[in-house]
Amino acid sequence: MRFERTDPFKADYRRLSEQERQLFRDAARQFNIACERFVETKGLATWPANLRVKPVVNAPGVFEMTWSFSGPDGRATWQWITLQDAKGEAVPAVRWRRLGSHRIFHQP
């Protein structure tokens, strides 16, 4: 799955400990596979329950994904976007918006 990262996401990532970064990277690999399946099935595939993918309340078009439930609390917000591939064709992608604990929901 193609993706891009916002500047706030990049700053959030730099603030994570190495353990937190590894937890996120592990979850992101699983998330990528689920995104590909979701796109291939035109939205009929379900998300893995352990990622708890769901819409962010009061932020239309923004979703959250949980990458850690217990110590540390780990959440990421994202949205679907469209990018152009090398041929100039539109392809679905993910824009990672924020990363961290529940505090990210103040500005998802």
Worksheet item: Could you say which residue among R25, R97, R14 is surrounded by fewer than 10 Cβ atoms within 10 Å (Cβ to Cβ) and outside any loop (DSSP other than H, G, I, E, B)?
Response: R14
Worksheet entry | Search result, residues across segment 1-51 that are among the charged types (D, E, K, R) and touching a strand residue (DSSP E or B) at 6+ places or on another chain (Cβ under 6 Å) | R2, E4, R5, D12
Worksheet item: Since F9 meets every condition but one in (1) hydrophobic (A, V, I, L, M, F, W, C); (2) modelled with pLDDT of 95 or more; (3) not in a helix (DSSP H, G or I), which condition does it not meet?
Response: (3)
Worksheet item: Any residue in segment 35-48 that is surrounded by 11 or more Cβ atoms within 10 Å (Cβ to Cβ), touching a residue at least 12 places away in the same chain (Cβ under 8 Å), over 14 Å from R98 (Cβ atoms) and among the charged types (D, E, K, R)?
Response: yes
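The values are calculated or read from the model by the stated rules, or taken from the named source; none is laboratory data. A quick note: this is a predicted structure, and the numbers were derived from the prediction, not measured. Please note: Cβ atoms are built from the backbone with ideal geometry, for glycine as well, and neighbour counts cover all protein chains shown.
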